[in-house]
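> Here's a structure for you.
The values are calculated or read from the model by the stated rules, or taken from the named source; none is laboratory data. Every value quoted in this text rests on a predicted model; they were computed, and no experiment measured them. So basically every Cβ, Gly included, is an ideal-geometry build from the backbone, and we count neighbours across all protein chains shown.
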Amino acid sequence: MRRLMNRKATVIAGMFLSLGLLSAGYASTKLEGMKAVNTPPRSGGLAAVAIQDRTGSPISSGLCSACHAGGSFGTTFQITVRDLGNNIVTSYIPGAQYTVEYIVAGTTGTPSGFGMQSAILDASNSNAGSFGSVSTTSTQVSTIGGIQFVEQQGASSSGLFIVDWTAPSSGTGSVTVYGNGIAINGNGGTSGDAGSPAVNLSLTEDVPTAINFPGNPYCSDATNPTPSVVGEQGGTFSAPLGLDINTASGLVNIAGSTPGTYTVTYSGATETATFDVTINETYNTTDAVSICPNESYQFGSQTLTASNVGLNTQVFQASNGCDSTVDLTLSVLPSPVTQLSQSICSNETIQFNGQTLDASNAGLNTFTTSGSNGCDSTLELTLNVLSLDTVQVSETICQGATFDFNGQILDESNVGLNTATLSNVNGCDSIVELTLSVTQIDTTITPNLFSLISNETSANASFVWLDCEDNLAIVPNENTETLNVVDFGSWAAVITLDGCVDTTECEMPFYMGIDENNTSAIQVYPSPAENTLYVKNLSDLTEVDFLQIVNLSGQQVWSNTSLTDEINVSALPPGTYFLKVRHAKGEDIVRFIKR
């Protein structure tokens with residue numbers, strides 16, 4: 001329950017009273033068409049179950065006492081609005097959050113429970129703001145025709161009803177909280193109950209006073225601005241010396257003011273607001289420039305040439321953001337010009353009067369000397385650049401393969417862009433750009449329990465599995481990236497991808513536990529084994545005199561004449577092996593896998 005700390009009401013919060021009373025707490029029967037239905041008890045709230053407004057507002061249909069009468073509880077109804085700091089308020093800030101607290105009490109007798117109904121309306125009797133979550137039991141928010149109502153949801157044993165409220169938007173004006181409460185005797189009817197008088201609480205809209213000068217800062221040639229005022233009206237304006245301001249309207253006479261920054265103070269009857277007004281200076285200057293006929297002069301955003309002789313005007317923006325107007329008089333001096341033309345390929349250079357020109361110098365290039373009039377004598381070279389032909393191709397090779405590119409033998413180390421240069425019809429180079437890529441096949445395999453999975457995930461890949469224990473024989477009907485096995489051994493995969501073929505190393509799946517498929521009295525574990533192979537039930541055999549490990553080719557890879565149930569197999573290569581144990585009754589053989 002939010003914001004109820006230090007309130008007496010918290011002592012009784014959470015107590016429940018039996019529903020089935022309050023506001024005609026009986027069920028009546030009415031006809032709807034040809035069907036009789038039972039009207040639910042009003043203890044659920046009049047707005048929720050009977051679509052009735054009994055708040056006592058200008059648009060309500062009366063008070064709760066219209067139906068509930070005869071009681072002598074001396075019922076009172078109190079409305080309190082608090083801000084988030086738990087302070088009682090009589091005004092609201094638009095859009096701010098508040099809690100509305102309703103207390104219903106009986107000054108005489110002992111009521112069985114309490115109910116209430118309340119709404120908050122604006123001057124046009126429309127819903128003002130919005131109710132949110134409730135903080136007390138037996139409290140609900142109902143809606144009729146766009147208007148929200150706070151009311152009981154079953155009888156309240158405490159008489160305390162608290163709900164969150166969001167104030168309406170700016171410009172709504174004053175709003176009113178309407179409501180009344182009722183104390184009930186719990187007899188299941190309306191007799192013996194007592195309603196409170198109608199109560200209303202007015203909340204005025206709180207608009208903080210503020211002033212604003214739109215368009216600030218201003219230049220010294222701007223239109224005189226008038227401020228806007230929100231909040232308290234009818235105040236006066238004042239400012240330091242240098243700013244010409246009308247004390248009544250706040251109009252600033254910019255032409256009569258000195259550039260600078262001034263704090264304007266607005267003084268109302270109860271509130272004061274300030275705003276900094278800045279006036280920046282504007283500038284007007286003149287200048288003169290002479291150029292030769294083949295020259296240009298950059299004047300702000302204008303490129304001036306001989307055709308612009310005479311007066312030119314440019315408006316610049318000064319550092320203060322205001323206009324600075326410059327009037328420039330341009331004059332043109334005579335200057336001889338010699339014109340030449342030359343063509344080169346885009347990858348060639350040409351020497352021009354000590355200058356090395358390339359494709360970046362396409363167009364007009366000049367060489368000048370000083371004339372007798374102080375103006376340049378100009379040699380102009382128009383450089384034409386002939387284009388290179390560029391052809392782009394791509395090629396893909398398998399890993400380990402090569403590609404002959406115009407005499408260059410490319411392999412996987414040349415992945416990416418490779419170029420070859422030929423000659424085209426205009427005598428310039430023709431460049432062939434080859435983008436070389438390599439199809440790489442992932443030849444690694446992930447062993448799993450009784451399965452092997454190829455790590456090549458391309459959807460275009462195809463697979464053929466080989467039995468490494470059977471001279472690389474093809475495993476029939478196994479053509480996916482996963483090979484499931486039921487026997488011991490090792491396998492490899494032949495992978496084909498985009499015309500390329502590669503083969504993995506032989507790999508073994510993982511095996512768990514002790515070999516349970518042999519009929520020998522002895523057993524070995526783990527299988528696969530990495531470092532140590534353990535022999536079980538060896539002591540059950542009589543006169544064990546020789547232990548031997550052989551590979552699939554029948555070659556002995558380990559032997560011992562002493563009885564031992566732990567065998568170091570760490571030096572054995574991965575594969576399938578057999579442990580042979582010779583004893584008084586013959587020989588036992590057990591197969592195991594070395595990882």
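> With the structure loaded, tell me whether Leu381 is within 47 Å of the chain's Cα centre (by Cα) and either under 30 Å from Pro334 (Cβ atoms) or surrounded by 11 or more Cβ atoms within 10 Å (Cβ to Cβ) (or both) or whether it fails that test. Lay out the reasoning, then the answer.
Values: within 47 Å of the chain's Cα centre (by Cα): no; either under 30 Å from Pro334 (Cβ atoms) or surrounded by 11 or more Cβ atoms within 10 Å (Cβ to Cβ) (or both): yes.
Here the answer is no, as Leu381 does not meet what is asked.
> So, in region 160-174, of the ones that are over 18 Å from Arg82 (Cα atoms) and not polar (S, T, N, Q), which residue ends up surrounded by the most Cβ atoms within 10 Å (Cβ to Cβ)?
Looking at residues that are over 18 Å from Arg82 (Cα atoms) and not polar (S, T, N, Q), I get Gly173.
> Find the strands (runs of 3 or more DSSP E) located wholly in region 285-375 whose residues include 2 or more that are under 57 Å from the mean Cα position of the chain (by Cα) and closer than 29 Å to Val385 by Cβ, and list them.
297-299, 302-304, 337-345, 355-357, 363-370
> All but one of (1) farther than 29 Å from Ser343 by Cβ; (2) loosely packed, with under 13 Cβ neighbours inside 10 Å hold for Val391; state the number of the condition that does not hold.
(1)
> Sticking with this structure for a sec: Within the group Glu587, Glu543, which residue is farther than 13 Å from Gln523 by Cα and not in a strand (DSSP E or B)? Lay out the reasoning, then the answer.
Details: Glu587 fails: not in a strand (DSSP E or B).
The conditions single out Glu543.
> Strands (runs of 3 or more DSSP E) wholly in region 174-250 with at least 2 residues that are β-branched (Val, Ile, Thr) - which ones?
Numbers: elements: 175-184, 191-195, 199-205, 210-212, 228-230, 236-238.
Answer list for region 174-250: 175-184, 199-205, 228-230.
> Got a sec? Which of Ala273, Ala269 is assigned to a loop (DSSP other than H, G, I, E, B) and in contact with a Gly (Cβ under 8 Å, 6 or more places away or on another chain)?
Ala269
> Residues being assigned to a strand (DSSP E or B), free of Cβ contacts under 8 Å to residues at least 12 places away in the same chain and under 51 Å from the mean Cα position of the chain (by Cα): count how many of those fall in region 403-429.
Residues meeting the conditions: 3.
> Against the definition (modelled with pLDDT of 85 or more and more than 14 Å from Asp502 (Cα to Cα)), how does Leu417 come out, yes or no?
Numbers: modelled with pLDDT of 85 or more: no; more than 14 Å from Asp502 (Cα to Cα): yes.
Taking the combined requirement at face value, the residue does not satisfy it.
> Check off (1) surrounded by 13 or more Cβ atoms within 10 Å (Cβ to Cβ); (2) over 13 Å from Trp491 (Cβ atoms); (3) of a type outside the set (A, V, I, L, M, F, W, C) for Glu478 and give me the number that stays unchecked.
With (1) surrounded by 13 or more Cβ atoms within 10 Å (Cβ to Cβ); (2) over 13 Å from Trp491 (Cβ atoms); (3) of a type outside the set (A, V, I, L, M, F, W, C) applied to Glu478, the lone miss is (2).
> Pairs needed: first member in region 461-474, closer than 13 Å to Glu505 by Cα; second member anywhere, among the aromatic types (Phe, Trp, Tyr); C-beta distance under 7 Å; at least 6 residues apart or different chains.
Trp465/Trp491; Leu466/Trp491; Asp467/Trp491; Cys468/Trp491
> Step by step: first the residues of region 209-260, then only those that are of a type in the set (Val, Ile, Thr) and out of contact with any Leu (no Cβ under 9 Å at 6 or more places or on another chain), then the one that is surrounded by the fewest Cβ atoms within 10 Å (Cβ to Cβ). Which residue is that?
Quick first cut of region 209-260, residues of a type in the set (Val, Ile, Thr) only: 209, 211, 223, 226, 229-230, 236, 245, 247, 252, 254, 258.
This time we only want the ones that are out of contact with any Leu (no Cβ under 9 Å at 6 or more places or on another chain), so: 209, 211, 223, 229-230, 236, 247, 254.
On the way: Thr209: 18, Ile211: 19, Thr223: 8, Val229: 18, Val230: 13, Thr236: 13, Thr247: 12, Ile254: 19.
In this case the residue turns out to be Thr223.
> Among the candidates Gly256, Gly235, Gly215, single out the residue that is free of Cβ contacts under 8 Å to residues at least 40 places away in the same chain and at positive phi. Steps first, please.
Values: Gly256 fails: at positive phi; Gly235 fails: at positive phi.
After applying the criteria, what remains is Gly215.
> Right, something else. Please go through region 436-454 and pick out each residue that is within 26 Å of Val393 (Cα to Cα) and aliphatic (A, V, I, L, M).
First, the residues of region 436-454 that are within 26 Å of Val393 (Cα to Cα): 436-441.
Correct list: Leu436, Val438, Ile441.
> Based on what the data block shows, is Thr303 of a type outside the set (Gly, Ala, Ser) and not assigned by TED's automatic domain parsing to the domain that holds Asp327?
Numbers: of a type outside the set (Gly, Ala, Ser): yes; not assigned by TED's automatic domain parsing to the domain that holds Asp327: no.
No.
> Among the residues of region 481-503, write down those that are buried (at least 18 other Cβ atoms within 10 Å of the Cβ) and either in contact (Cβ under 8 Å) with a residue 60 or more places away in the chain or aromatic (Phe, Trp, Tyr) (or both).
Those that are buried (at least 18 other Cβ atoms within 10 Å of the Cβ) and either in contact (Cβ under 8 Å) with a residue 60 or more places away in the chain or aromatic (Phe, Trp, Tyr) (or both): Phe488, Ser490, Trp491, Cys500, Asp502.
> Another one. At least 2 residues that are surrounded by fewer than 15 Cβ atoms within 10 Å (Cβ to Cβ) and on the phi < 0 side of the Ramachandran plot in each: list the strands (runs of 3 or more DSSP E) lying fully within region 71-159 that qualify. Break it down stepwise before answering.
Details: elements: 75-82, 97-106, 113-121, 130-134, 139-144, 147-152.
Strands (runs of 3 or more DSSP E) meeting the threshold: 130-134.
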